[in-house]
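Notes follow the structure.
What follows draws every value from the coordinates through simple rules; no lab data is involved. Predicted model only: the values in this text are computed from it and were never measured. Cβ placement follows ideal geometry from the backbone for every residue including glycine, while neighbour counts extend to all protein chains displayed.
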Amino acid sequence: MVIRVVVAGATGWVGRALVPAILGEADLALAGAVARNAAGADAGIAAGREACGVTVVATLEQALARPSDVVVDYTKPHVVKGHVLAAIVAGRNVVVGTSGLGADDYAEIAAAAEQKGVGVIAAGNFSITATLMKRFALMAAKYVPDVEVIDYAGAGKPDAPSGTARELAEALSAVRGVSTARPLSEVSGIPATRGAAVGSGAGVQVHALRMPSFVLSCEVLFGLPDERLTFRHDAGSSAAPYVAGTLLAVRRVVGTKGLLRGLDRLID
């Protein structure tokens, strides 16, 4: 079976790497490409490669007018939710690589996917090494309750925290014990400098740093009396680390029903 894939954000940072990767796989076919700034161009040429015979369209609605099996979204935080819901209504499975969605958004997406009988796989980061960071951090959180997350990205990143940090904090909040840190209600000075609580219960404090020279990094810090443990993932300047995980999700989402969050749900 050949899986027909639509890439939304085909000329973006990840999309430009994902399009040729799909074209190079025997069991995958590029069924559509969405990028407003390249509408009318050949998707292969728009991604910096050879022509492939697929024309880029300006909107997802145009792409959904043609047959496909999976929509992969690597667009922008302000449009991703609408794209996911539209794809679900059209009966497509969805892989979500765009950050910016929270627990409430995913609850709505999960309900829609269950009702329609399609699958959605979403991850804050489709890198295998970032997924391992999350796995190790969740193991540590069962034994060390005091944990905070630092989220690093370039100055122009529009969402804070990143999808990586947000997904991680939400997962950590579900397994950690009771923090020994002073509650925010008891913090004097400027409490907002303690970061934002992300996740269920008391949440996990997340601190988002946005400065030039950073691509994407995420650091998880654990503390016990007289000792500390740190896990950190640093992304390079290439989108290549995210391609393999995305292709894995594309293959696994077909036949899935409902929502799966996190690449770690797939790697075992």
(request) Set the Förster distance to 41 Å, then compute FRET efficiency between Phe136 and Val89 from the Cβ-Cβ distance, nearest 0.05. (result) 0.60
(message) So if the hydrodynamic radius of the range 128-235 is defined as the Kirkwood radius over C-alpha pairs, what does Stokes-Einstein give as its diffusion coefficient at 10 °C and 1.306 mPa s, in µm² per second?
(response) 112
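As a check on your grasp of the helix formula, calculate [θ] at 222 nm for the chain: sum -39500 (n - 2.57) over DSSP H runs of n ≥ 4, divide by the residue count, round to the nearest 500.
Here the helix-only value at 222 nm equals -9000 deg cm²/dmol.
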(message) Need the C-alpha centroid separation for the range 97-145 versus the range 12-27, integer Å.
(response) 22
(request) Treat every Asp and Glu Cβ in the chain as -1 and every Lys and Arg Cβ as +1, leave all other atoms uncharged, and give the resulting dipole magnitude about the Cα centre to the nearest 20 debye. (result) 260
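Rounded to the nearest 20 debye, what is the charge dipole size of the range 128-235 about its Cα centre when +1 sits on each Lys and Arg Cβ and -1 on each Asp and Glu Cβ?
Details: 11 positive and 11 negative charges, 26 e Å.
That gives the range 128-235 a dipole magnitude of about 120 debye.
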(request) Give the long-range amide H neighbours of Val94: residues separated by 5 or more places, or on another chain, with amide H under 5 Å away, using H modelled in the peptide plane at 1.01 Å from N. (result) Val71, Gly119, Val120, Ile121
(request) Can you put Leu18, Leu229, Leu28 in order of Cβ neighbours within 10 angstrom, beginning with the fewest? (result) Leu229, Leu28, Leu18
(request) Please list, or write none, the aspartates and glutamates whose alpha carbon is within less than 16 Å of the alpha carbon of Lys116, excluding same-chain residues fewer than 8 places away. (result) Asp69, Glu108
(request) May I ask you to evaluate 6.51 cos²θ - 1.76 cosθ + 1.60, the Karplus curve with θ = phi - 60°, for each residue of the range 55-63 and list the ³J(HN,Hα) values in order in whole Hz, giving x for glycine and proline? (result) 8, 5, 10, 7, 10, 5, 4, 5, 5
(message) Taking every alpha carbon pair in the chain, what does the distance histogram look like in 10 angstrom bins from 0, in percent?
(response) 7, 30, 33, 20, 8, 2, 0
